[in-house]
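One structure below.
Readers should treat all values here as calculations from the given coordinates under stated rules, not as data from a laboratory. Everything quoted here is computed from the prediction, not taken from an experiment.
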Amino acid sequence: MLRPPVSDPIRAVRASASSTWSDEFAPAKAIDGNQSTRWNSAKDQIAGAWLALEFAQPVRLDVLLIDQEVQWTRITAYALEEPDGEGWKPVFTGKDMPDSAVCRFPAVTVPRIRIRIDRTSGATPSLCEVRAYDTTAAAR
């Protein structure tokens with residue numbers, strides 16, 4: 001598992017998703033600190049599946065660490081999005097997500113951030129852990 005150059009992640013207070021396979025794979029499993037649990041989208045939901053992290057108040061962040069479950073599938077196209085009025089605006093786009101992805105982007109201050117999955121290698125996406133960081137905090 002990769003680590004960014006900071007010690008503590010910014011704690012998300014809630015996770016929500018476009019869909020869920022079952023209660024065993026609920027969105028909260030992606031932010032529980034346990035690598036053996038995970039969120040999984042509902043059967044047959046691949047393109048457009050998303051997982052959002054919500055914070056207690058707006059937070060500044062510039063790195064998202066994403067650990068995907070890779071036994072069944074791999075995420076091959078995705079975006080990180082910030083709220084933009086009534087919709088969402090990409091702050092990062094990626095292809096061929098590794099087992100543990102370190103996604104760096106220009107710092108944003110947001111009440112929530114969303115991972116949108118556009119394509120996988122076949123099956124539904126599944127994320128074990130997602131952590132947010134502000135690596136600029138030490139420099140301020």
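Hey, what's the Cα Rg ratio for the stretch 14-139 versus the globular rule of thumb, 2.2 N^0.38 Å? If you can, show how the numbers build up before the last one.
Numbers: Rg = 13.5 Å, N = 126, 2.2 N^0.38 = 13.8 Å.
Working it through for the stretch 14-139, the quotient is 0.98.
Annotation: lysines with alpha-carbon distance below 20 angstrom to K29 (same-chain offsets under eight excluded): K43.
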